[in-house]
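Visitor: Structure incoming, see below.
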Amino acid sequence: MPPLGIEERYSFNQVRNRALKELAKLILVPPLLLSVLTRASRTSLGYWTVPCHGLAIFLGACVRTWYHDYLQGRDAKRTGGEKTIGTIPRVKGKLPGNIDIVVRLFANNDSGYLYDLFLELFDQCQSTTINLRIFGIDKYVSIDSEHIKYALGPGFRHFWLGNTRKELLENLLGDGMLNRDGDLWKTQRAIARPFFSNDRVRDFTLFDKHAQRCMSILSDLEPGQAIDVADLTWRFTTDTASEFLFGQTLDTLSFNEADGGFGSFINAFGEIQDIAFKRSSFGALWPLTELFGDLTEPLGNVVKQFVDPIVQRALEHKRKMVEKDQQIEADQCTFLEYLAWKNDDVGLIRDQLITILIAARDTTAALLAFTIYMFTQHPEVAVKARAEVLEHIGPNGTPGIEELKKLKYLQAVFNETLRVFTPLHASIRESKPTGILLPPSDPTYPRGPMYLPPSSTLIYLSFLTHRNPALWGEDAHVYDPERWLDPERSQRVTANPAIFIPFSAGPRTCLGQSYALNEASVFMVRLLQRFEHFTLAEDKQLAPPWKTKPLPTGSSIFGPGYPGTKRKEVEKIWLGNHVVMFSKGGIWARVLKASE
Ligand code: HEM
């Protein structure tokens, strides 16, 4: 069996065997050693057999952790050389293996404000990069803008996506660019890049067509009728992306889910992502929850059954063109035709298409939905954005690239939504098999260079970096687009762009940034031309479960109200964190048509 390698496709059996081996190391090896010892010394443990074997597992874990720390300490000295370097502070829970922390993390996810518990952990450790060490397995979590910048940019070569991340979505993303490192990633990115260049995504006809459909849906609502705008924007980006990628829309805006093919495709597509998210909460041992088979396999087959014939047709079309000695017009074709022109591998084309669909859809939908949520909470923002649209484009004008450039306030609104409700709230990298010296930390809790051991999992929470008062000022929790227009306040980002990374940074930065912002702008222009007032339908909205007032007393660098975020006071929705952030139960709003 080939070893799990960076460019390999992972078979589920390989992944399951890997997890079983890890489990065996944890719970089988120590009792086996004990049995060998007792046999060799002809000792009978009698009634003590079970407790002694339990104790052996516990001691085995302690010895392994101690040895692991010893090796790390040695490597840290080697990596640091003459320099004095620190170790990343470890979270110290009350129970062995930090079980209590795991329980609290699940509870925070289930009923708390997103990532609140982490604020407490960072504060306890007085560090913005911490080691959770759960059941003896190190997991580093960071909100440190300097450390994240290093991993994404200058230290890029020391990191890769890592096997843990790739195993989760192998059945959906396969060889797609979001799931590969090394040469395959480079090739995939190089092929796709020209298609997402600024010039290429300037044709707004497609965005406009689907945006206009959304406006018709909104216009047809009964007076006072509420709509889930998270669902509407999701359908908008699904239809737009599918037409952009495949050349045919999935037409989810017709709300006709019963229609066989694409309905099952969209469901399977969503379900795989749900499974992947659940897997991620079990860490590297998740395959043990699927001992009897890969839960994503049947769903992956549904996806393939839907996409492969479309890919085959594109390849057939290409063959006919080649026979007739025709050339493809790069600026006239769909992404699928473009990919088919570049290679003949159905699997590779499918993986790349699915990757872009996954990257393009929920992210941009979230940007739009959270912006509308903010319109409901800050009517003055909607009024100002609408005035700008009317001034530069008029009540019926068509948004083109030149018009959009003039919408400075709308750009500030999007920036502020991307800051406060950053769709990709977290991401993950793995360091390569050599120890690394992380640069000095950001000013939140000043620390010198710290040692990151080889092959470490580093999860970074841009959600919290974007809301950190030490980087953004005391009003970091306030939604205020003006901060992007005020030279003094916007200076914080210009001086240190690493504090704002909604589209990531460095060589793996988002390929679809222009596409996303143009698509979102066209939607918003159409919305603001037709509607002028937005309210949250609180009677429909799933209310957050926490009590907002009084806030807990005490304070930390993250502001008063420790250990929670200050936004808890004002938030009317309940944030959830799948791959992309969302509002549990949707975002229900009522919209008022603009007076003619
Ligand atoms: C508001 C909308 C969007 C946001 C906030 C966003 C954010 C991001 C982020 C943070 C990453 C890095 C992920 C990581 O390294 O773990 C990323 C990667 C990527 N995004 Fe986006 N994205 C958006 C829209 C889009 C769209 C519309 C497309 C395509 C049409 C797209 C295509 C990609 C691709 C292909 C990558 C992978 C790049 C690589 O690994 O080299 N994104 N995006």
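The values are calculated or read from the model by the stated rules, or taken from the named source; none is laboratory data. Fair warning: this is a prediction, and the values are worked out from it, not measured in the lab. Here the Cβ is made from the backbone with ideal geometry for all residues, glycine too, and neighbour counts use every protein chain on show.
Visitor: Determine whether the stretch 472-480 contains at least one residue that is within 16 Å of the ligand (Cβ to nearest atom) and farther than 30 Å from residue 83 by Cβ. Spell out how you get there, then give the answer.
Guide: At the first step, the residues of the stretch 472-480 found to be within 16 Å of the ligand (Cβ to nearest atom) are none.
No - not one qualifying residue is present in the stretch 472-480.
Visitor: Note down all Cβ pairs under 6 Å where the first residue falls in the stretch 403-428 and is closer than 13 Å to residue 503 by Cα, the second is in a helix (DSSP H, G or I) and hydroxyl-bearing (Ser, Thr, Tyr), and they're at least six residues apart or on different chains.
Guide: Once the first residue is closer than 13 Å to residue 503 by Cα and sits in the stretch 403-428, its partners that are in a helix (DSSP H, G or I) and hydroxyl-bearing (Ser, Thr, Tyr) give 417/371; 422/462; 423/363.
Visitor: What is the number of the single condition among (1) over 26 Å from residue 115 (Cα atoms); (2) within 16 Å of the ligand (Cβ to nearest atom); (3) crowded, with 16+ Cβ neighbours inside 10 Å that residue 525 does not meet?
Guide: Looking at each condition in turn, residue 525 falls short on (2).
Visitor: Of the residues 241, 226, 211, which single one is of a type outside the set (Phe, Trp, Tyr), in contact with a helix residue (DSSP H, G or I) (Cβ under 6 Å, 6 or more places away or on another chain), away from the ligand (no atom under 14 Å from the Cβ) and touching a residue at least 60 places away in the same chain (Cβ under 8 Å)?
Guide: Details: 241 fails: away from the ligand (no atom under 14 Å from the Cβ); 226 fails: in contact with a helix residue (DSSP H, G or I) (Cβ under 6 Å, 6 or more places away or on another chain).
Answer to the selection: 211.
Visitor: Would you check which residues across the stretch 316-335 are part of a helix (DSSP H, G or I) and basic (Lys, Arg) and list them?
Guide: Initially, the stretch 316-335 is screened for residues part of a helix (DSSP H, G or I), giving 316-323, 335.
Of everything in the stretch 316-335, those that are part of a helix (DSSP H, G or I) and basic (Lys, Arg) turn out to be 318, 319, 320.
Visitor: When you scan the stretch 279-291, do you find a residue that is closer than 29 Å to residue 339 by Cβ and of a type outside the set (Asp, Glu), even just one?
Guide: The first filter runs over the stretch 279-291 and keeps only residues closer than 29 Å to residue 339 by Cβ, leaving 279-280.
Imposing the further condition that a residue be of a type outside the set (Asp, Glu) reduces the set to 279-280.
Yes, that holds for at least one residue.
Visitor: Take the stretch 42-76 and flag every residue that is among the small types (Gly, Ala, Ser) and farther than 24 Å from residue 453 by Cβ.
Guide: If we filter the stretch 42-76 for residues that are among the small types (Gly, Ala, Ser), which is where we start, we get 44, 46, 54, 56, 60-61, 73, 76.
Scanning the stretch 42-76 gives 44, 46, 54, 56.
Visitor: Against the definition (more than 20 Å from residue 16 (Cα to Cα), of a type outside the set (D, E, K, R) and assigned to a loop (DSSP other than H, G, I, E, B)), how does residue 249 come out, yes or no?
Guide: Details: more than 20 Å from residue 16 (Cα to Cα): yes; of a type outside the set (D, E, K, R): yes; assigned to a loop (DSSP other than H, G, I, E, B): yes.
Yes.
Visitor: Inspect all residues belonging to the stretch 291-311 and state whether any of them is under 28 Å from the mean Cα position of the chain (by Cα), of a type in the set (S, T, N, Q) and under 27 Å from residue 519 (Cβ atoms).
Guide: So far as the stretch 291-311 goes, no, none of its residues is under 28 Å from the mean Cα position of the chain (by Cα), of a type in the set (S, T, N, Q) and under 27 Å from residue 519 (Cβ atoms).
Visitor: List the number of the failed condition for residue 340; all other conditions in (1) surrounded by fewer than 24 Cβ atoms within 10 Å (Cβ to Cβ); (2) more than 13 Å from the ligand (Cβ to nearest atom) hold.
Guide: (1)
Visitor: Might you check whether a residue that is surrounded by fewer than 16 Cβ atoms within 10 Å (Cβ to Cβ), modelled with pLDDT under 90, touching a strand residue (DSSP E or B) at 6+ places or on another chain (Cβ under 8 Å) and assigned to a loop (DSSP other than H, G, I, E, B) occurs anywhere in the stretch 564-577?
Guide: No, the stretch 564-577 contains no residue that is surrounded by fewer than 16 Cβ atoms within 10 Å (Cβ to Cβ), modelled with pLDDT under 90, touching a strand residue (DSSP E or B) at 6+ places or on another chain (Cβ under 8 Å) and assigned to a loop (DSSP other than H, G, I, E, B).
Visitor: On to the next question. Keeping to the stretch 494-522, report how many residues are within 16 Å of the ligand (Cβ to nearest atom) and part of a helix (DSSP H, G or I). Walk me through how you get there before you give the answer.
Guide: We begin by selecting, within the stretch 494-522, every residue within 16 Å of the ligand (Cβ to nearest atom); these are 497-522.
Adding the requirement that they be part of a helix (DSSP H, G or I) leaves 497-499, 506-508, 513-522.
Residues that pass the stated criteria total 16.
Visitor: All but one of (1) over 30 Å from residue 526 (Cβ atoms); (2) without any contact (Cβ under 8 Å) to a residue 40 or more places away in the chain hold for residue 486, so report the exception by its number.
Guide: (1)
Visitor: Would you call residue 74 surrounded by fewer than 17 Cβ atoms within 10 Å (Cβ to Cβ), touching a residue at least 60 places away in the same chain (Cβ under 8 Å) and over 30 Å from residue 567 (Cα atoms)? Give the steps one after another, and end with the answer.
Guide: Working: surrounded by fewer than 17 Cβ atoms within 10 Å (Cβ to Cβ): yes; touching a residue at least 60 places away in the same chain (Cβ under 8 Å): no; over 30 Å from residue 567 (Cα atoms): yes.
So residue 74 fails the test.
Visitor: Among the residues of the stretch 396-431 satisfying the criterion of being within 16 Å of the ligand (Cβ to nearest atom) and basic (Lys, Arg), which is surrounded by the fewest Cβ atoms within 10 Å (Cβ to Cβ)? I'd like the intermediate steps shown before the answer.
Guide: Here is the first cut: in the stretch 396-431, the ones within 16 Å of the ligand (Cβ to nearest atom) are 404, 410-431.
The next check asks that each one be basic (Lys, Arg); those that pass are 419, 429.
On the way: 419: 25, 429: 23.
Going through the qualifying residues, I end up with 429.
Visitor: Could I ask something else about it? Filter the stretch 78-99 down to residues that are part of a helix (DSSP H, G or I) and either surrounded by 13 or more Cβ atoms within 10 Å (Cβ to Cβ) or assigned by TED's automatic domain parsing to the domain that holds residue 437 (or both), then give me how many there are. Walk me through how you get there before you give the answer.
Guide: Start the filter on the stretch 78-99 by keeping residues that are part of a helix (DSSP H, G or I), which leaves 78-80, 96-99.
When the remaining residues are screened for being either surrounded by 13 or more Cβ atoms within 10 Å (Cβ to Cβ) or assigned by TED's automatic domain parsing to the domain that holds residue 437 (or both), the result is 79-80, 97-99.
The number of residues fulfilling the criteria is 5.
Visitor: Here is a follow-up. Looking for whichever is of a type in the set (A, V, I, L, M), within 25 Å of residue 190 (Cα to Cα) and surrounded by 19 or more Cβ atoms within 10 Å (Cβ to Cβ) here; the options are 372, 356. Which one fits? Spell out the reasoning first.
Guide: Details: 372 fails: within 25 Å of residue 190 (Cα to Cα).
After ruling out the rest, the residue left standing is 356.
Visitor: Still on this structure, I have one more. Hey, among 289, 252, which residue is in contact with a helix residue (DSSP H, G or I) (Cβ under 8 Å, 6 or more places away or on another chain), over 29 Å from residue 162 (Cβ atoms) and either free of Cβ contacts under 8 Å to residues at least 24 places away in the same chain or surrounded by fewer than 16 Cβ atoms within 10 Å (Cβ to Cβ) (or both)? Break it down into steps so the answer makes sense when it comes.
Guide: Working: 289 fails: over 29 Å from residue 162 (Cβ atoms).
Criteria check complete, one pass: 252.
Visitor: Pick from 277, 262: which is modelled with pLDDT of 80 or more, in a helix (DSSP H, G or I) and aromatic (Phe, Trp, Tyr)?
Guide: Working: 262 fails: modelled with pLDDT of 80 or more.
Unique residue meeting the criteria: 277.
Visitor: While we're on this one: Hey, can you tell me all the residues within the stretch 162-188 that are of a type outside the set (Gly, Ala, Ser) and in contact with a strand residue (DSSP E or B) (Cβ under 8 Å, 6 or more places away or on another chain)? Explain how you work it out, then say what you get.
Guide: From the stretch 162-188, those of a type outside the set (Gly, Ala, Ser) are 163-173, 175, 177-181, 183-188; that's our starting set.
Result: 163, 164, 165, 181.
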